[in-house]
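Quick note: the coordinates plus some simple rules give every number you see, no bench work behind them. These numbers were taken from a predicted model, which means no experiment stands behind them. Heads up, the Cβs are rebuilt from the backbone with ideal geometry, glycines too, and the neighbour counts pull from every protein chain shown.
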Amino acid sequence: SWSRIVGAAKVQAAGGLKGDSLKRPPRGYDPEHRHVEDLKRKSFYVMAEAPARRALKPGFVGEVAEAFRAAAPLNRFITTALDLPF
């Protein structure tokens with residue numbers, strides 16, 4: 001479910017769900033909806049930041065691969081909702 005995906009520990013460790021947002025919920029949506037902040041989003045992404053020097057350390061490629069694996073459920077959810085292949 002959406003709550004499980006965006007609330008996952010690995011997503012939260014990366015700073016949570018990000019993206020540009022509308023100031024108000026889209027017309028027709030309850031401003032008290034439990035996912036109103038996500039309904040206001042115009043884009044969805046997760047992003048982990050690291051200093052450039054970290055890229056030179058052993059294991060960095062593995063860290064990046066793990067970050068992509070952590071984001072996969074979100075990407076799968078969105079592409080499925082849009083009827084696109086994942």
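At a glance:
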item: C-alpha long axis of helix 60-81 to longest principal axis of the chain, angle in °; result: 20
item: Inter-label distance, nm, simple model (7 Å from Cα along the C-beta direction), Phe44/Arg24; result: 2.4
item: Estimated FRET transfer efficiency (Ala52, Lys10; beta-carbon r; R0 22 Å; 0.05); result: 0.45
item: Where trypsin sites (Lys or Arg not before Pro) fall in DSSP loop in the stretch 6-86, at most 10 other Cβ within 10 Å; result: Lys23, Arg27, Arg34, Lys42
item: Overall Cα dimensions of the stretch 2-81, principal axis frame, Å, largest first; result: 50, 23, 20
item: Cα centre as origin, Lys/Arg/Asp/Glu Cβ charges: the chain dipole, Debye; result: 160
item: Among Pro26, Gly62, Ser3 - extreme Cα towards positive end, dipole of the chain, charges at beta-carbon; result: Gly62
